[in-house]
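The values are calculated or read from the model by the stated rules, or taken from the named source; none is laboratory data. Because the structure is predicted, anything quoted here is derived from the model rather than measured. Cβ: placed from backbone, ideal geometry, glycine included. Neighbour counts: every protein chain shown.
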């Protein structure tokens, strides 16, 4: 039987004191917890230290991909579990992770299902479940890309294994905060596409927006998520509109200096 591998939980955060305690409590069983703070003005750092986390700071924001990798660089254990502050590891998911640590394979990375909260409802349809994300992998072997937003792990053809158990994701507890985050993501997406030389037409703004609504509401059965499903379809359409409208405007230099 293989010797159990050690685990570092890695978290990036900024001004997330209201969420951090429950997040850290859900991963308190890990061998090491690393928190990279981006310049919090609240009690985020104090809470992390009180829970036994190793805290580092990097206040110059470089995008989600680079920030996650900077955080991972501080980890010293065999395996990485990347968790966001608004996520919670369920007992069943913990059991799955523990099994991996006792029977590891460096040629595999591990995904789990996120169960996403939207305005008081954990969504089961609308494209928000199972919402698989790769979060568990061997340290020193895999790293994140440099994308500003919607970053991903460079897995180099590794085998992706699905873990049992959900990662609870408190996606939208406050509608205005959620909208601000969506707007920031749209801006970063448009800037990244623009830097890659991408442009879009006026018509594509409309087609992508309409397509986002139909995909969420119809193709992904958002109507089965009730009122929240309809609202999410509209929010997804709005987010898509913001992305493509911003890219269209950037491509024509419609911005004020």
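Remarks
- Residues of region 86-126 that are at positive phi and buried (at least 18 other Cβ atoms within 10 Å of the Cβ): 126 alone.
- In region 217-226 there is at least one residue that is outside the structural domain of residue 126 (by TED's automatic domain parsing), at pLDDT 95 or above, touching a helix residue (DSSP H, G or I) at 6+ places or on another chain (Cβ under 7 Å) and exposed (fewer than 15 other Cβ atoms within 10 Å of the Cβ).
- Test: residue in region 145-159 that is within 21 Å of residue 233 (Cα to Cα), at pLDDT below 90, surrounded by 13 or more Cβ atoms within 10 Å (Cβ to Cβ) and in contact with a strand residue (DSSP E or B) (Cβ under 8 Å, 6 or more places away or on another chain): no
- Within region 28-45, the residues that satisfy the criterion of being out of contact with any helix residue (DSSP H, G or I) (no Cβ under 8 Å at 6 or more places or on another chain) and either more than 12 Å from residue 12 (Cβ to Cβ) or assigned to a helix (DSSP H, G or I) (or both) are 28, 30, 31, 32, 41, 45.
- Residues (part of a helix (DSSP H, G or I) and either free of Cβ contacts under 8 Å to residues at least 12 places away in the same chain or in contact with a strand residue (DSSP E or B) (Cβ under 6 Å, 6 or more places away or on another chain) (or both)) located in region 2-17: none
- Test result for residue 185, within 22 Å of residue 62 (Cβ to Cβ), within 20 Å of the chain's Cα centre (by Cα) and either touching a residue at least 24 places away in the same chain (Cβ under 8 Å) or not assigned by TED's automatic domain parsing to the domain that holds residue 91 (or both): yes
- Test: residue in region 48-67 that is buried (at least 18 other Cβ atoms within 10 Å of the Cβ) and without any contact (Cβ under 8 Å) to a residue 24 or more places away in the chain: yes
- Qualifying residue in region 70-87 (condition: at pLDDT 95 or above, more than 15 Å from residue 134 (Cα to Cα) and either assigned to a strand (DSSP E or B) or not assigned by TED's automatic domain parsing to the domain that holds residue 145 (or both)): no
- Test: residue 21 is part of a helix (DSSP H, G or I), at negative phi and either crowded, with 19+ Cβ neighbours inside 10 Å or in the same structural domain as residue 149 (by TED's automatic domain parsing) (or both): yes
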